[in-house]
Amino acid sequence: RPAEDEEEAEVGWQEKLFSQFEVNLYLNESACQTPLDWQYREEIQKLEKAGGRKNCRIFTYTDHDRFTNLEELCQKVTDLDNEVPSYLVERMANVRRRRQDRRPIESSSLKSKIITWEPSEEFIKNNHVINTPVQTMYIMGDLGPYGKLGRREYENVLCTIKVDGNGVITVKPDFTGTKGAYRIELDGEKREVWEYTIENASAQVQPEEEEREQRVFRDLYGRHRDYLSGLVGSDFEMPLPGTLRLFVNGEIVSAQGYEYDNLYVHFFLELPNQWSSPPFQQLSGVTQTCATKTVGWDNVAYFCYPFTVEMFYTQEDEGVFPYSLPQWPVLYFEVLSLDFWQRYRVEGYGSLVLPASPGVHMLTIPTWRPVELGTVAEMRRFFIGGSPELEDLTYVRIPSTFKGKRLSRFGFRTETTGSVTFRLYCLQQSKAFLESSALRQRMQSVLDRLGGFSQQSSVYNVLEAFQRARRRMQEARESLPQDLISTSTSSV
């Protein structure tokens, strides 16, 4: 390759390097229209007096050049040659993400005008589009044949650099590094191939400056943390020692898979022993009646019904051993339907044990309903409404009035129906959470039992399953003939 086709240039951020086309353009006084054009004309004239520009093929377009506006306006969404821009693409092309001078808005006006009922066109353009301020710069290359520089058809974008208002720098394509040079193939008679590399020529930050910057960041983050702490405050009501406060911000999201339309959910919360709630706390509720819509194969009713529950768990005497696992509150609910003639039908019963761990929980609970044998009951349910109901809703699990050892449901006929989806946000607060060292030493404290509720219950479930399997093996062994057992023993 001839030596005149090789060029190296060091370009700074928003540094303007003129091309041969721009030199010829701005030296013509009739082509200068805007103040920026006259400024470029003066700079080019100074360069000509100083001996001309040093760059030959490499030049730049800065953020305020005409090319930057046209390039962003003409960018394609796909790689098709015959692409037809949609209405959204055309509307978005007119919104330039540029740094705008915004006047500060007073807090009083911001609070008084939360909703803009009649938004203007400019308001919609500024607030309904991603409007992150971005500054753009293009490093270009004039790849025309030697002696014919300054023709627009030979200009090619070598690198695009963008810096947004959040301080994120985007370089496309990336710095070359060890990947090798980039290639540009020109469509022409000679099929020329140009190669170029992009390197980061910025000066390395000194350790002292980097440490000073880290101190500034730490100071800024510390002030912001103090500011947020000042807004929140420290005057929190702490529960008594040995007491756990449980907040549940719940939502009945949806009900799906039921037979009839216009569903509503009635629910209440049962508190076991050692649990209590404030006097003003409502432990039951009824959702609105919601029509269903077809989603896939199911008819879904979206309630989005929020509810909030606050409860307290009070610890018993810790001196008694062994400690018993605490029972967790249970949410009972029933799904009903209401038709045009105000006839209601029971669609399903279900229960939900509140999660023992804090955080967000998305739970889908299946339901069932009692049925009677024969067609008369179903005809009554279809024509005049009504269906078999539970007098005590806690019969879904273990009734609260049951005191025996075995609960028999023999002969109780049910039918599987749909399911209800809950979203629960659980928060736990206790003074003992602050005593982390004490929690490590006192493994049998109430909070250990509460925190390990799910783990211990899973261990107990495994042990119970093992005991049931062992009893079945013993019963099977006792039912076998004695001669078969002795024969198998002697063979072993």
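The values are calculated or read from the model by the stated rules, or taken from the named source; none is laboratory data. Since we're looking at a predicted model, the values are computed, not measured. All Cβ positions, even for glycine, are placed from backbone atoms using ideal geometry, and neighbour counts span all protein chains on display. Ligands, DNA and RNA are stripped out before the accessible areas are found, and what is left, the full protein with its side chains, is counted by its heavy atoms. Shrake-Rupley method; radii C 1.70, N 1.55, O 1.52, S 1.80 Å.
Backbone N atoms of segment 274-313 closer than 11 Å to the 7 Å Cα→Cβ label point of GLN342 are not found in any residue.
Ordering GLY385, TYR349, GLN315 by the projection of their Cα atoms onto the charge dipole of segment 308-408, which places +1 on the Cβ of Lys and Arg and -1 on the Cβ of Asp and Glu, puts GLY385 at the extreme positive end.
If you average the C-alpha positions of segment 1-63 and of segment 164-206 separately, how far apart do those two centres end up, in angstrom? If you average the Cα positions of each part, the centres end up 21 Å apart. Remark: for residue pairs LYS54/LYS162; LYS148/LYS179; LYS49/LYS148; LYS16/LYS46; LYS16/LYS49, the C-alpha separation exceeds 20 Å in LYS54/LYS162; LYS148/LYS179; LYS49/LYS148.
Here the accessible area is traced with a 1.4 Å probe on the protein chains. For segment 325-414, carbon and sulfur cover 59 percent of it. Accessible area per residue for segment 286-416, computed on protein heavy atoms with a 1.4 Å probe, is 63 Å². Maximal additional length on extending the ASN82-LEU220 stretch stands at 44.5 nm, based on 0.36 nm per residue less the C-alpha distance.
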